[in-house]
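These notes concern the structure reproduced below.
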Amino acid sequence: MIKPVDRIMALNSSAYVRVDLSSTVLAQADISWIADAQVLLEKHDIVLGMQIHNSASVQELEQAKDLGLSLSFHSPVLGKYMLNFASENPEKSWRMIDEQYKLMWEYGVCRTVFHGFLMTDIDICAFGHGKSYYECMNVARRSELLRSPESNFVCDFTCSEEYLMRRERVKDNLQELRERYGEFHWCIENDFPAITSGLLRGKDMAFLNHELCFDTGHMWATCKMLDLDFYDELQTALESGKVEMIHLHASKYTFDMPHDEWGDGHLPLTYSQSAIDLKRVVKMCKASGVGHFVLECGTTQLADIEKFLNYYI
């Protein structure tokens, strides 16, 4: 097993480009194509890896390890609670971080991504493992943060005193995270704009001055809810110099659709009617030196790898 510190050296190399599949592909009936994808990417000096989703079981984690691919995490892997560094008392979040740190050493992982900014002090169970996203998040539902009492989507509260206070908390806790466990990369991800999610805009991502993961589907939905320009938000995040990872997936949602008919993307790159210009996204990321792309799609095939290469090369 390669030691994590050795992988960090590789990840910090400007010559290192990596494409991760999501561990959700392990549920597909046939994953024999993964070997072909690895060969295809290696022809272009790109490494194939796998990101273990926070909903993965112990069995799926072991299955991913047995494939022999380099792993990354979407924390909290096997964790009980969602991380929230905006909480007044983030004790459970630090407990989750300690658990992830040990698990990352065990599985040779040096980079993880997590959601860590919720507009609540209530501890929220991690979704997956039999619990849906909304089932978990609704325990902290706050109607004053939503477009309407019946909506699941947020309004723009990003200039409120509470928001700015919680954003400062997140920044301080992330600095402590770097001081505690700086040998690993802990990318905080922009949130899907629902219920009590807090990390929404590109400038708020940049404000944190911390390693970032930019999720295309989440920001696409945020730009609908907050009336923003998606590519401007991406550029703002990229200009921070802190974006290390991209969650890349297509979306069927268009801006002429009503707000409450929206959802997340997670469609494969081969989805022909994607509302997001994924080629433009990949080119922008490449130009900014981002080298870690995660195909966070519900289903993935070799054709999606080919499509990525078409965008990247």
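The values are calculated or read from the model by the stated rules, or taken from the named source; none is laboratory data. Remember, it's a predicted structure, so these values are computed and weren't measured experimentally. Every residue, glycine among them, receives a Cβ derived from its backbone with ideal geometry; neighbour counts consider all protein chains shown. All accessible areas refer to the heavy atoms of the entire protein, side chains included, with ligands and DNA or RNA removed. Shrake-Rupley method; radii C 1.70, N 1.55, O 1.52, S 1.80 Å.
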Starting from the range 262-274, keep only residues that are in contact (Cβ under 8 Å) with a residue 40 or more places away in the chain, then list their pairs with residues that are in a loop (DSSP other than H, G, I, E, B) and among the small types (G, A, S) whose Cβ atoms are within a distance under 6 Å, requiring at least 6 positions of separation or different chains.
G265/S251; H266/G298
Which of the following residues is within 22 Å of G291 (Cβ to Cβ) and in contact with a Leu (Cβ under 7 Å, 6 or more places away or on another chain): L208, L212, L226, L238?
L208
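Every residue, every condition in (1) in contact (Cβ under 8 Å) with a residue 12 or more places away in the chain; (2) farther than 24 Å from Q38 by Cα; (3) surrounded by fewer than 20 Cβ atoms within 10 Å (Cβ to Cβ), yes or no:
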| residue | (1), (2), (3) |
| --- | --- |
| T236 | yes, yes, yes |
| S240 | yes, yes, yes |
| H247 | yes, no, no |
| S251 | yes, yes, no |
| K286 | yes, no, yes |
| G291 | yes, no, no |
| T300 | yes, no, no |
| K307 | yes, no, no |
Within the range 131-148, is even one residue in a loop (DSSP other than H, G, I, E, B) and in contact with an Asp or Glu (Cβ under 6 Å, 6 or more places away or on another chain)?
no
Scan of the range 109-164 for residues that are touching a residue at least 40 places away in the same chain (Cβ under 8 Å), basic (K, R) and open to solvent by 70 Å² or more (accessible area, probe 1.4 Å), ordered by number:
R141, R147
Among the residues of the range 82-108, which ones are without any contact (Cβ under 8 Å) to a residue 40 or more places away in the chain, among the hydrophobic types (A, V, I, L, M, F, W, C) and in a loop (DSSP other than H, G, I, E, B)?
L83
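On the phi < 0 side of the Ramachandran plot, touching a strand residue (DSSP E or B) at 6+ places or on another chain (Cβ under 7 Å) and crowded, with 23+ Cβ neighbours inside 10 Å: does that describe L212? Don't jump to the end; show me each part of the working.
Numbers: on the phi < 0 side of the Ramachandran plot: yes; touching a strand residue (DSSP E or B) at 6+ places or on another chain (Cβ under 7 Å): yes; crowded, with 23+ Cβ neighbours inside 10 Å: yes.
Here the answer is yes, as L212 does meet what is asked.
Is it the case, given these coordinates, that E135 is within 25 Å of W262 (Cβ to Cβ) and in contact with a Cys (Cβ under 9 Å, 6 or more places away or on another chain)? Please lay out each step first, then the result.
Working: within 25 Å of W262 (Cβ to Cβ): yes; in contact with a Cys (Cβ under 9 Å, 6 or more places away or on another chain): yes.
Yes; evaluated as a whole, the condition is true for this residue.
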Please tell me if E183 is out of contact with any His (no Cβ under 9 Å at 6 or more places or on another chain) and within 18 Å of W94 (Cβ to Cβ).
yes
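Residue-by-condition table, conditions (1) crowded, with 20+ Cβ neighbours inside 10 Å; (2) among the basic types (K, R):
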residue	(1), (2)
E176	no, no
R180	no, yes
F184	yes, no
C187	yes, no
A221	yes, no
Exactly one of these conditions fails for G198: (1) in contact (Cβ under 8 Å) with a residue 60 or more places away in the chain; (2) open to solvent by 10 Å² or more (accessible area, probe 1.4 Å); (3) under 24 Å from Y231 (Cα atoms). Give me its number.
(2)
Since E60 meets every condition but one in (1) over 15 Å from F184 (Cβ atoms); (2) assigned to a loop (DSSP other than H, G, I, E, B), which condition does it not meet?
(2)
Could you grab the pairs with beta carbons closer than 6 Å, sequence gap of 6+ or different chains, first residue in the range 38-61 and in contact (Cβ under 8 Å) with a residue 24 or more places away in the chain and within 19 Å of H292 (Cβ to Cβ), second one in a helix (DSSP H, G or I) and open to solvent by 40 Å² or more (accessible area, probe 1.4 Å)?
L48/Q38; H53/T24
Within the bounds of the range 25-34, is there any residue that is in a helix (DSSP H, G or I), modelled with pLDDT of 95 or more and farther than 30 Å from M82 by Cβ?
yes
